[in-house]
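Student: After the structure tokens below, expect a handful of questions from me.
The values are calculated or read from the model by the stated rules, or taken from the named source; none is laboratory data. These numbers come from a predicted model, not from an experiment. Ideal geometry is used to build each Cβ from the backbone, glycine not excepted, and the neighbour counts take in all protein chains shown. Side chains are part of the model used for accessible areas, which takes the heavy atoms of the whole protein and leaves out ligands, DNA and RNA. Shrake-Rupley method; radii C 1.70, N 1.55, O 1.52, S 1.80 Å.
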Amino acid sequence: MTTSTADPQQETVRAILDHHERLGRALADHTLTIARAADQLAAPFERRDKLVAFLKEEIVPHAAAEEETLYKAAQDVPEARLLLRAMLREHVVLREKVAELEAARTPAEAVGASATVNALFQTHLEKENELILPALVGAGVDLGALLAGMHDILGEGASHGEASPGEGHQCTCGGHDEAGEPGGTAEVTDGELDVRVIAHGQRHPQIFATFEALTAGTSFVLVNDHDPKPLYYQFASQYPGEFSWDYEESGPEVWRVRIGRP
């Protein structure tokens, strides 16, 4: 029998940092696609709406969860109190800027508002990573106990291994007990790539290979048996501003996502 020698506190910190990185990359990708749409004289409002949805569904709940856990714990750490006050104020400003982005009526307003939200959140994450988390660890706060089950802070799991798209990928999408044939393959048929027949850990390399074969202006529909949201974060990391992602069906048994090259 083997036993893990990993420090649970370090594992929790790593999960928080990994989740922060994915959120930051996804936000940066949304911001970049809005700016590129405006540069190409295309109306960026559809992309703006996707960013607003991401902010409301991912970033704002993340901030609220932090206020109820990490920030409350930090109130008892003397050296963190002044910084914590500023961080709470930044959460208020972040919500205000999201509202401004949603209300943007010209391409310039959308580009400016999205860039402001991105800059604010990226610097906010940096302070959390480099100041708040070390202060909590130094004060002996048990982060694992504090954040048990908090997916808005820890992400979809405590471990999110990432590798290059084509090789050695450790899947993080969830649903690992679902059907799939080891060694199976899938091909695009009638514009759809149905990966439900593939063993779970072998799906992502084929999805990325299919994407990399696309030419500009083309797309395929990914058919899956669970929400592939974590896969979106990988696309945002590997292909920032170079892909589109549109849900065509969202469960409860089948998910269809159109993935393309703009």
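Student: List every residue whose amide H lies under 5 Å from the amide H of Leu222, counting only residues 5 or more places away in sequence or on a different chain, with H placed 1.01 Å from N in the peptide plane.
Tutor: For Leu222, the qualifying residues are Leu193, Val257, Arg258, Ile259.
Student: Using the Cα centre as the reference, give the magnitude of the dipole from point charges on the C-beta atoms of segment 1-153 (Lys, Arg: +1; Asp, Glu: -1; all else neutral), rounded to the nearest 20 debye. Please report the intermediate quantities before stating the final value.
Tutor: Values: 16 positive and 25 negative charges, 81 e Å.
For segment 1-153, the charge dipole is close to 380 debye.
Student: In the chain, if the dipole is taken from +1 on Lys/Arg beta carbons and -1 on Asp/Glu beta carbons about the Cα centre, which of Phe243, Val197, Phe211 is farthest to the positive end?
Tutor: Of the listed residues, the answer is Phe243.
Student: If you build a Gaussian network model of the chain, linking Cα atoms that sit under 10 Å apart, which residue out of Val111, Val13, Val188 swings the most?
Tutor: In this elastic network of the chain, the residue with the biggest mean-square fluctuation among Val111, Val13, Val188 is Val188.
Student: Sorted by average packing, counted as other Cβ atoms within 10 angstrom per residue and highest first, what order do 112-122, 242-252 take? Don't skip to the answer; put the middle values down first.
Tutor: On the way: 112-122: 19.2, 242-252: 13.5.
So the peptides 112-122, 242-252, ranked by packing, come out 112-122, 242-252.
Student: Could you look at the chain and say what percent of its accessible area is carbon and sulfur, using a 1.4 Å probe and all protein chains?
Tutor: Solvent-exposed carbon and sulfur of the chain make up 52 percent of the total.
Student: Hey, another quick one. Can you work out the Karplus-derived ³J(HN,Hα) for every residue in segment 34-42? Use 6.51 cos²θ - 1.76 cosθ + 1.60 with θ = phi - 60°, whole Hz, and x for glycine or proline.
Tutor: 5, 5, 5, 4, 5, 4, 8, 6, 9
Student: What value, in deg cm²/dmol to 500, does the helix sum -39500 (n - 2.57) over DSSP H runs of n ≥ 4 give at 222 nm once divided by the residues of the chain?
Tutor: Here the helix-only value at 222 nm equals -16000 deg cm²/dmol.
Student: Next question, about the same structure. Calculate how many DSSP beta bridges within the chain are antiparallel, expressed in % of all such bridges and rounded to the nearest 5.
Tutor: 75 percent
Student: While we're here: Sorted by average packing, counted as other Cβ atoms within 10 angstrom per residue and highest first, what order do 222-235, 61-74 take?
Tutor: The most tightly packed comes first, giving 222-235, 61-74.
Student: Rounded to whole Hz and in sequence order, give me ³J(HN,Hα) for segment 97-104 from the Karplus expression 6.51 cos²θ - 1.76 cosθ + 1.60, θ = phi - 60°, writing x for Gly and Pro.
Tutor: Each residue's phi maps through the Karplus curve to give 6, 4, 5, 5, 4, 5, 8, 4 Hz.
Student: Explain nothing, just compute: Karplus ³J(HN,Hα) = 6.51 cos²θ - 1.76 cosθ + 1.60, θ = phi - 60°, for every residue of segment 195-207 in order, whole Hz, x for Gly and Pro.
Tutor: Residue by residue, segment 195-207 yields 9, 5, 8, 9, 4, 4, x, 9, 6, 4, x, 6, 5 Hz.
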